[in-house]
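Data first, discussion second: the structure below is written as structure tokens.
No value in this document is a laboratory result; all are computed from the given coordinates. What you are looking at is a predicted structure, and each value in this text was computed from that prediction instead of being measured. FYI the Cβ positions are ideal-geometry reconstructions off the backbone, even for glycines, and counts take in every protein chain you see.
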Amino acid sequence: MKKTLPLLALLLGTHAAFAAPAFTGQDYSGIYDCTGDDAHEGKYTGTVTLALVRTQSTGKYGAYQFRLEVPGYGTYLGEAATEGDRIAMHFALKDQTTKDYGTGIATMSKDKSGRLGFRKYYYEPEFKGGNYGTEDCLLRK
């Protein structure tokens, strides 16, 4: 027993040394009003909700639950990851039969009035033979 205590203390100390640092990035959680332009579907509006997952965020990296609601099309669920002002996201329409899912990339910034927002480019590899588009989103006041 005396021999195992120092080993146990060493193992516990080593584990503590590898604990992830606290999240230090900006929290982009909120509801964003969006206008988009889809290569197949044309102009649309939607609402993006980002919710920080603090237990999975570390240092300058943020993990988020992602939700996009588009009237007439449905709800897209996914996740997003940030590093500084860059944000990447994956999303999929709840109705999987449409193959309406994709990946987006955006940069967070403030508009002239100081409102936080982002411009997203997205790619959907299977929706209607392949698709892409852009969204401009502003945080609700």
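Observations
- Angle between the chain longest axis and helix 4-17 axis [Cα atoms, degrees, rounded to 10]: 30
- Under the shape rule built on the C-alpha gyration tensor, where the axes satisfy a ≥ b ≥ c, the chain is prolate, since a/c reaches at least 1.5 and a/b is greater than b/c.
- Estimated distance in nm for a label pair at Thr45 and Thr58, the labels positioned 7 Å out from Cα along Cα-to-Cβ: 4.2
- Here is the list for the stretch 47-128: trypsin sites (Lys or Arg not before Pro) lying in DSSP coil, each with at most 14 other C-beta atoms within 10 angstrom of its C-beta, are Lys60, Lys94, Lys112, Arg115.
- Working from label points 7 Å from Cα in the Cα-to-Cβ sense, the Glu79 to Gln65 distance is 1.3 nm.
- Above-threshold pairs, the threshold being 18 Å between Cα atoms, out of Lys94/Lys120; Lys110/Lys141; Lys99/Lys128: Lys94/Lys120
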